[in-house]
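What follows is a set of notes on a single structure, which appears directly below.
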Amino acid sequence: MDIRRPDVPIPQVGKYEVDREIGKGGMGTVYLGFDRYQNRDVAIKVASTADIADEAYLQKFQKMFFNEARIAGMLNHPNILPVYDAGVDGPHHYIVMEYVPGSKTLKDHCKPDSLLPVEQVVEIIFKCCKALDYAHRQGVIHRDIKPGNILLTETMDIKISDFGIAQIVRSDTTQPAGLIGSPAYMSPEQIREEVLTQQTDFFSLGVLMYELLTGRSPFHADIFSGVVRKILYEEPLPLRFYRSDIPKTLEIIVTKALSKRLNDRYRTGTQFATDISLTYINLKESEEKIDQTEKFNILRKLTFFREFIDGEIWEVLRAMVWREYPPNARIVTEGSVDETFYIIVNGQVSVCKAEKNVAVLVEGGCFGEMGYLTKEKRTASILSLTDVVLLEMNSSALEQASPGCQLRFHKVFLKTLLERLTESADKSGRAYP
């Protein structure tokens, strides 16, 4: 039976049914497809080589196309779009990726009339920093960070995509070389075709951040040579030239990310994320309705902070974010990768494994510390049983705390782990070493 639809040029690629076109990119057309074997919708990027006559160009094209599948397949991070499969079907080369319904790229929010709130921009850039830090630690440099390569989901989460020109550091495999990428987002060293480090991604992320905050490019010019000249030799206008409400701290962060000298630019995603995190916390605190002194008094009474001195609690107040959740909210998802930990200020939460309740945590308790300590996947889900107020802190912020404050946290974490192991041993009848 012919299932070809008139608006779809191909009814099927490999084992995947093709439904409709949902986007276009430099390396092909993206379709919504369906995987019958896994019973799920997928996004399929398809490129045809039927019209490529030059053999050398064909080989280069194929290498770049499957570079995305090979590299993205190495990465497993909640803010990196996963690749499921790749293959060749006649003249069609295809890559199968996660389909994120309702998602759009950040392009729409890089215009003056459609900017996101500053707080949301800060959160987006923070997630990009953490995702890039993870990729860099796996030896992968993206080399093409731009609005069109970052998906924004309906829940305001992000997914970095398109690793077509990414580079694997210290690989024995030939990588895409030469002046490739998107000119407006290239770093100075990328334009000069020098050996690239992970810092090139932070420059591109700085350009993206500038655009999300102002709706304008920091290196705008009408012709390519003008863009190149500005990137190499000119400083962009300050953020607050366009928006007086931009905090000075954000201007400092963008300036550092866009530094033409590597020694002045962010060296790691953790450094970038730390500065972003502190700015985010300040933005949140400016909106908080609870007075700081009242917050201090609340923390002082919690068993978690019993051994903290007053100065360390004030440190915690500056570094942690207060969050409120209604009943039945999913706070942590089993199997996710995250380094955030939480302290319960008020209310109760349920600890679930395989969707079964295994414990209840109450005021003064903590969870998520294993994700922070081990950097591994979450071993349980956390659901709110009542209205819950939580203190939320990430590893980047804690690493900036004083040694004494960090030591207090680790002592409480270890004590909590021992108590849970003892409780588990009592219930199972087994002893733990």
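The values are calculated or read from the model by the stated rules, or taken from the named source; none is laboratory data. Because the structure is predicted, anything quoted here is derived from the model rather than measured. Here the Cβ positions follow ideal geometry from the backbone for every residue, glycine too, while neighbour counts run over all protein chains shown.
Observations on the structure shown:
- Some residue of segment 254-275 being at pLDDT 90 or above, of a type in the set (Phe, Trp, Tyr), out of contact with any helix residue (DSSP H, G or I) (no Cβ under 8 Å at 6 or more places or on another chain) and closer than 30 Å to residue 212 by Cβ: no
- Pick from segment 313-341, criterion under 21 Å from residue 370 (Cα atoms) and basic (Lys, Arg), ranking: surrounded by the most Cβ atoms within 10 Å (Cβ to Cβ): 323
- Taking segment 321-335 as the range and being within 19 Å of residue 394 (Cβ to Cβ) and touching a residue at least 60 places away in the same chain (Cβ under 8 Å) as the test, the residues that pass are 321, 322, 323, 324, 325.
- Elements of type strands (runs of 3 or more DSSP E) contained in segment 338-415, each with 1 or more residues being modelled with pLDDT under 85 and within 16 Å of residue 320 (Cα to Cα): 388-393
- One residue alone among 224, 203, 241 is of a type in the set (Phe, Trp, Tyr) and within 25 Å of residue 160 (Cβ to Cβ), and that residue is 203.
- When segment 221-237 is filtered for residues that are touching a residue at least 24 places away in the same chain (Cβ under 8 Å) and part of a loop (DSSP other than H, G, I, E, B), only 236 remains.
- Residue within segment 162-177 that is in the same structural domain as residue 199 (by TED's automatic domain parsing), under 30 Å from residue 36 (Cβ atoms) and among the hydrophobic types (A, V, I, L, M, F, W, C) present: yes
- Scanning segment 62-102 for residues being within 22 Å of residue 182 (Cα to Cα) and modelled with pLDDT of 80 or more gives a total of 4.
- Only one of 206, 226, 215 that is out of contact with any strand residue (DSSP E or B) (no Cβ under 8 Å at 6 or more places or on another chain) and at positive phi: 215
- Among residues of segment 260-279 that are among the acidic types (Asp, Glu), those with a beta-carbon under 6 Å from a residue that is part of a helix (DSSP H, G or I) at least six positions away or on a different chain give the pairs 275/253.
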